Structure formats: structure tokens, C-alpha cells
Amino acid sequence: QKEVEQNSGPLSVPEGAIASLNCTYSDRGSQSFFWYRQYSGKSPELIMFIYSNGDKEDGRFTAQLNKASQYVSLLIRDSQPSDSATYLCAVRGGNEKLTFGTGTRLTIIP
Amino acid sequence: KAGVTQTPRYLIKTRGQQVTLSCSPISGHRSVSWYQQTPGQGLQFLFEYFSETQRNKGNFPGRFSGRQFSNSRSEMNVSTLELGDSALYLCASSSERGALRRYFGPGTRLLVL
């Protein structure tokens, strides 16, 4: 079992709709959870992080964490073509190592 | 503030050679971590340095090594290159060890022939 799992996609979402990206992790000792966005040919950039159960909102982005289910998600509201990218889920365990999923490729269809 | 810089940006080597990549973190940042990104494996953690000491290490063979200097700049070295080492090597800097925000550099794309 991979430490951090994501559906590789591609995930296609119409412009203006909600994009939902999911991630599961195996280490129950994980403390912090991150979502990075990576445009093709570019380096990852941090969108947001979450470390408490529940929802955390930042503009059009909402991260959701459920530690009991070992599940993290990212919702993107009012999706824009500029949101088309690969989204990487990352988890920091008790050893402070940051482990990444392989990413979900998201395409917003105009 | 200038971002994370990595040199060189592109590199072509042949099997058996060695390579050294450099990373300069954001000014004032003291922690540097290195990652290898390939299409099949995604982003994999190599190692993390803070205050010139390796604080964490991923599951890579001993051919992969690194160091950090007193000015926080970091280098990683890969010896006896293999075809499978072809990848994008990314470094990320953060202000302190354990800081939640990490800022990635543009990466060094290494091609091993």
C-alpha cells in the first residue's frame, strides 16, 4: 500500500463547477496535510495546509480532513481554466518527512 | 525577496558519471529539502538539511548524498549515474525545520544517457 494515494485522473470538470480531489494516507501518526498545485513544466506551489479535523477555507479552496478515515480532500469552487494543473497531496508524518502522492491531473473545460 | 534558485537547470550525463546539483534557499531560510520527481513515482523525498546537518533521509541508495553549507546553500551529489536517475530534482526551502510552508525551486532536469 502506498503511503499517500490519489486518483491519477485525469479529472475533467466544467468551468464554474466544483472540482473535488481526494487523498488517503496510511500513517495514522501523520500530523499535517498539504495540497500543492503543479502546472506543467513548473514546480509545485503550496495552496493550503490543514492539521485539524474538519474544513479549512481559503478563497475558492476548501481543504477537508478526516483523521479517523485517513482522508483529505480539496474542493475548488467556481473552477476556472487556470485551475487546470496537477494537484499533489502531501502528508507529514511523525518523523517530519513530507510524503507526496503521485498527483491528480485536473482539467477545467471552458 | 528572491525565490529558491537551482543550478544548473538542465543537465545531460552518461551512465557511470557523477553529478552535483546546487540549491540556494530563500534568504533567511535555514532548511533545505530535496526531492526527485519522475512520471512513474511522483515526488519522492531524498533528504533534508538544517543548520548544516542532515535531519531526515528518504529511501534512496547511498549513491545519493548531500550537504549544506554555513550560508544554508545546499548541494546534492549522485555518483555512478544510472538511467533511472533521469528525473527532475527539486529543492525546497523553509524558514525553520518543521515549518509548514516550503517553497520549491524551479528544479534541475537531469537526463542520463
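The values are calculated or read from the model by the stated rules, or taken from the named source; none is laboratory data. This one's a predicted model, so the numbers in the text were calculated from it and none came from an experiment. Cβ atoms come from the backbone with ideal geometry, glycine included; neighbour counts cover every protein chain shown.
Remarks
- Of all residues in segment B:34-46 being at the interface with chain A (Cβ under 10 Å from one of its Cβ atoms) and either under 12 Å from the mean Cα position of the chain (by Cα) or touching a residue at least 60 places away in the same chain (Cβ under 8 Å) (or both), the one that is nearest to residue A:7 (Cα to Cα): B:43
- None of A:73, A:82, A:8 is out of contact with any Phe, Trp or Tyr (no Cβ under 6 Å at 6 or more places or on another chain), outside any strand (DSSP E or B) and away from chain B (no Cβ under 12 Å) except A:82.
- Strands (runs of 3 or more DSSP E) fully within segment A:19-65 that include at least 1 residues being touching a Lys or Arg at 6+ places or on another chain (Cβ under 6 Å) and among the acidic types (Asp, Glu): A:45-50.
- Of the criteria (1) crowded, with 21+ Cβ neighbours inside 10 Å; (2) among the hydrophobic types (A, V, I, L, M, F, W, C); (3) within 14 Å of chain B (Cβ to nearest Cβ), which one residue A:19 fails: (3)
- Any hit, segment A:55-64, residues being in contact with an Asp or Glu (Cβ under 6 Å, 6 or more places away or on another chain), more than 14 Å from chain B (Cβ to nearest Cβ) and touching a residue at least 40 places away in the same chain (Cβ under 8 Å): no
- Annotation note: Cβ proximity below 7 Å between a residue of segment B:89-101 that is within 8 Å of chain A (Cβ to nearest Cβ) and part of a loop (DSSP other than H, G, I, E, B) and a residue that is surrounded by fewer than 21 Cβ atoms within 10 Å (Cβ to Cβ) and of a type in the set (Asp, Glu) (sequence gap 6+ or interchain) occurs for B:98/A:96.
For every residue, the table says whether it meets (1) closer than 26 Å to residue A:89 by Cα; (2) at pLDDT 95 or above; (3) surrounded by 12 or more Cβ atoms within 10 Å (Cβ to Cβ).
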| position | (1), (2), (3) |
| --- | --- |
| B:13 | no, yes, yes |
| B:36 | yes, yes, yes |
| B:46 | yes, yes, yes |
| B:62 | no, yes, no |
| B:73 | no, yes, yes |
| B:77 | no, yes, yes |
| B:82 | no, yes, yes |
| B:89 | yes, yes, yes |
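- Just one residue in the set B:50, B:60 is more than 22 Å from residue A:36 (Cα to Cα), out of contact with any Lys or Arg (no Cβ under 7 Å at 6 or more places or on another chain) and aromatic (Phe, Trp, Tyr); that residue is B:60.
- Filter result for residue B:22 (within 14 Å of the chain's Cα centre (by Cα), farther than 15 Å from residue B:102 by Cβ and assigned to a strand (DSSP E or B)): yes
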